[in-house]
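These notes are about the structure you will find just below.
All of the numbers you see were taken from the coordinates with simple rules; none came from a lab. Just so we're clear, the structure is a prediction, and the values are computed from it rather than from any experiment.
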Amino acid sequence: MRRAAERGHKDAQYHLGRMFEEGIGMRRDMVQAYSWYSIAYDNGYMMAGDKAKKALEKLSPKQREEAQRLIGVYKTISTQR
C-alpha cells in the first residue's frame, strides 16, 4: 500500500491515511493520517478532504508542522518516480 501511495496513486494514499488513522496493521498516527489524506485530496480523491479536515483538528501546532514537512517529503518522492 505504501509503495503505491508513494508512487502517486490517490486511492492508495487515501487508504494509507485510513490505516494510520485507525491503526490497521500499524500504530495509530494522526500526523501520518492527515498527511496522506491531504495528499490524496490534492491528487483528486475528494472524500479525503473531510477526513483531512477532521484529522487536522486533532493535531497540535507542533504536529501540524510535522505533517506539513511530511507532505513535502512525500510529494517530492512521488514526483521522482
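Taking 0.36 nm per residue of sequence separation and removing the Cα-Cα distance, the Arg3/Asp50 pair yields an extension gain of 14.5 nm. For the chain, set up a GNM with springs between Cα atoms under 10 Å and report which of Gln63, Gln13, Gln32 has the largest fluctuation. The residue with the greatest mean-square fluctuation here is Gln63.
Hey, what number do you get for the chain at 222 nm if only DSSP H runs of n ≥ 4 count, each worth -39500 (n - 2.57), divided across all residues, to the nearest 500?
Computed ellipticity for the chain at 222 nm equals -23500 deg cm²/dmol.
Mind pulling up the Rg/Rh value for the chain? Radius of gyration and Kirkwood radius, both on Cα.
On the way: Rg = 11.2 Å, Rh = 12.0 Å.
Expressed as Rg/Rh, it is 0.93.
Within straight-line reach of Lys54, meaning a Cα separation under 18 Å, sit the following aspartates and glutamates at least 8 residues removed in sequence or on another chain: Glu21, Glu22, Asp29, Asp42, Glu65, Glu66. For Asp29, the residues whose amide H sits under 5 Å from its own are Glu21, Gly23, ignoring neighbours fewer than 5 places away on the same chain, with H placed 1.01 Å from N.
Candidate cross-link partners of Lys51 among the lysines, defined by an alpha-carbon separation under 16 Å and a same-chain spacing of 8 or more, comprise Lys10.
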